[in-house]
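Report on the structure given below.
The values are calculated or read from the model by the stated rules, or taken from the named source; none is laboratory data. On a predicted model such as this, the values are computed, not experimentally measured, just so you know. Methodologically, a virtual Cβ is constructed for each residue, glycine included, from the backbone with ideal geometry; neighbour enumeration extends over all protein chains shown. Surface areas here come from the heavy atoms of the whole protein model, side chains and all, with no ligands, DNA or RNA. Shrake-Rupley method; radii C 1.70, N 1.55, O 1.52, S 1.80 Å.
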Amino acid sequence: MRQVAIDVLFQEIPNEICLGFFMTGCPLACAGCHSKVLQDAAAGDALSLETFDAWLQRYKGLASCVLFMGGEWEAALPEYLGLARRLGYKVALYTGEERLAPALEQMLDYLKTGPYVARLGGLNQKTTNQRLTHVPTGTDLTPLFWD
Ligand code: SF4
C-alpha cells in the first residue's frame, strides 16, 4: 500500500468529514483521470498499518470517515478498513470498478463505483455513469451531488 497524499475532505461523502488516502497503483487508466500519479504503483510513500493507525489516532473525533481513493484493489485493504472501523470511523472507497467482491463491499459504509468518462462527467453531473451508494441501505446518494 502506497500513498501520494493524505488530506481532510469535505465534499466527497455527503455529511461526513473524511480523512482521505490517495493510493497508488490504479490499473484502470481512465481517459481524463483526475490524478494520473495514482496509476503509478511506484509513486508515493509506503503506508504501513502502523502509520495508518497513527493518522487515525491523530484525527479521531475530528474526521468521521476514512476514504480510500486510487489503488483500492490492494489485497491489504480489508485489514486497513477493519482497523478504521474498530477505531470508530465509517469507511468509504472510491473505485473505478463497476463491482467489488461482496466480502469487501460489505465492509464499507460508502462506495463510489464506475470509471471516469469525460463525456459523461463526474458525480456532480446528471449524465454521470458513476454512483455513490450508502452500502448498508443500498441508497443511491448520487443525486445529492446535483444542484
Ligand atoms: S479509477 Fe480513478 S485513479 Fe484510476 S484511472 Fe480512473 S480516474 Fe484515475
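Quick one: pull the percent of accessible area on the stretch 57-147 belonging to carbon and sulfur, 1.4 Å probe, ligands and nucleic acids left out. Present the calculation step by step, with values, prior to reporting the outcome.
On the way: 2450 of 4810 Å².
About 51 percent, which is the carbon plus sulfur part of the accessible surface.
Per the helix-only calculation at 222 nm, which mean residue ellipticity applies to the chain, given -39500 (n - 2.57) for every DSSP H run of n ≥ 4 and division by its residues, nearest 500 deg cm²/dmol? Working shown, then result.
Numbers: 3 runs with 25 residues, N = 147.
Result for the chain: -4500 deg cm²/dmol, rounded to the nearest 500.
What size of dipole, in debye to the nearest 20, comes out for the stretch 71-147 about its Cα centre when the only charges are +1 on Lys and Arg C-beta atoms and -1 on Asp and Glu C-beta atoms? Present the calculation step by step, with values, prior to reporting the outcome.
Numbers: 8 positive and 9 negative charges, 33 e Å.
For the stretch 71-147, the charge dipole is close to 160 debye.
For the stretch 53-103, which trypsin sites (Lys or Arg not before Pro) are both in a DSSP coil and crowded by at most 13 other Cβ atoms within 10 Å?
On the way: sites: Arg58, Lys60, Arg85, Arg86, Lys90, Arg99; in loops: Arg99.
Passing both the DSSP loop test and the Cβ count: Arg99.
Charges only on Cβ, +1 for Lys and Arg, -1 for Asp and Glu: so what's the dipole of the chain about the Cα centre, in debye to the nearest 20?
Details: 12 positive and 16 negative charges, 42 e Å.
Charge dipole, the chain, about its Cα centre: 200 debye, nearest 20.
Just to confirm, what accessible area per residue do you get for the chain at 1.4 Å probe, in whole Å²? Mind showing how you got there, number by number?
Working: 7650 Å² over 147 residues.
Per residue, the chain has an accessible area of 52 Å².
Tell me which GluC sites (Glu not before Pro) from the stretch 59-120 have a DSSP coil assignment and no more than 11 other beta carbons within 10 Å of their own.
Values: sites: Glu72, Glu74, Glu79, Glu97, Glu98, Glu105; in loops: Glu72, Glu74, Glu97, Glu98.
Taking the stretch 59-120 and a limit of 11 other Cβ atoms within 10 Å, the loop GluC sites (Glu not before Pro) found are Glu98.
Starting from the 7 Å offset along Cα-to-Cβ, what nm value, one decimal, do you get for the label separation of Ala5 and Glu79?
2.7
Going 7 Å from the Cα of Val117 in the Cα-to-Cβ direction, what parts of the stretch 8-47 have a backbone nitrogen less than 17 Å from that spot?
Counting only backbone N, you get 28-34.
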